[in-house]
Amino acid sequence: MALVKPVLFQIAGYQNSGKTTLVTTLIEHLSATGLKIATVKHHGHGGKPDILESKDSGRHIKAGAAVSLVEGGGRIIIQAENGLWTLAEEIEILSSFKTDLILIEGYKNEPYPKAVILRDEADLELLERLQHTKVIFCRDQELVNQLQHLDLPVFNTDDPNGLKWITAYIENQNR
């Protein structure tokens with residue numbers, strides 16, 4: 001299914017909430033339906049993500065190249081250096097790949113439609129602080145039960161209906 005422009009959807013939550021697990025599950029499920037997916041992940045550990053400096057592309061960057069692209073067997077790896085990249089710049093780069101969907105892991109304070117994952121009651125403050133929450137996932141079933149009064153869908157992270165909800169939401173965008 002080719003959409004007009006990529007749908008943007010975030011997966012937000014604190015560290016170790018299950019964001020990567022949900023993103024990889026979504027990628028597997030949605031790519032099997034024919035969607036072409038790009039992802040953006042915020043490197044939340046401070047500093048720059050690792051590159052293989054011993055490889056030629058890493059050596060190019062270390063020597064001062066702003067961008068290094070390596071292609072082989074149909075795979076492209078791009079390494080680029082810039083002061084700090086904004087999420088908007090990263091989305092612009094990924095949009096050139098003509099994907100149907102850009103899944104954004106992290107960047108919880110950005111104003112895009114999002115799923116919020118709550119580990120426990122201490123994470124409830126995210127619901128008041130974050131904008132554009134469309135669906136809530138909880139790792140604790142008691143928390144799911146506690147939040148049923150909200151005007152948002154709430155699912156346990158293990159409930160396949162949550163995945164179905166996100167799939168339907170994404171498919172309904174740009175129609």
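The values are calculated or read from the model by the stated rules, or taken from the named source; none is laboratory data. Keep in mind that what you see is a predicted model, and the values were worked out from it rather than measured. Cβ sites come from the backbone with ideal geometry, for glycine too, and all protein chains shown count toward neighbours. These area figures cover heavy atoms from the full protein model, side chains too; ligands, DNA and RNA do not enter into them. Shrake-Rupley method; radii C 1.70, N 1.55, O 1.52, S 1.80 Å.
Every test in (1) without any contact (Cβ under 8 Å) to a residue 12 or more places away in the chain; (2) closer than 18 Å to Phe9 by Cβ; (3) of a type in the set (A, V, I, L, M, F, W, C); (4) part of a loop (DSSP other than H, G, I, E, B) is passed by Phe97 save one, and that test is (1). Taking the condition of being over 23 Å from Ser17 (Cβ atoms), open to solvent by less than 70 Å² (accessible area, probe 1.4 Å), touching a strand residue (DSSP E or B) at 6+ places or on another chain (Cβ under 9 Å) and of a type in the set (A, V, I, L, M), how many residues in region 83-126 meet it? Selection size over region 83-126: 1.
Being in contact with a Leu (Cβ under 8 Å, 6 or more places away or on another chain) and over 16 Å from Phe97 (Cα atoms) is the filter here, so list the residues in region 56-76 that pass it. Result: Ser57, Gly58. Within region 27-54, residues that are within 19 Å of Glu92 (Cβ to Cβ) and of a type in the set (D, E, K, R) reach partners that are in a loop (DSSP other than H, G, I, E, B) and modelled with pLDDT of 90 or more with beta carbons closer than 7 Å, at six or more positions or on different chains, in the pairs Lys36/Thr99; Lys36/Asp100. Remark: pairs (first residue in region 130-144, within 11 Å of Ile11 (Cα to Cα); second residue assigned to a strand (DSSP E or B) and open to solvent by 10 Å² or more (accessible area, probe 1.4 Å); Cβ separation under 8 Å; 6+ apart in sequence or on different chains) = Val135/Val154; Val135/Phe155; Ile136/Val154; Ile136/Phe155; Phe137/Val154; Phe137/Phe155; Phe137/Asn156.
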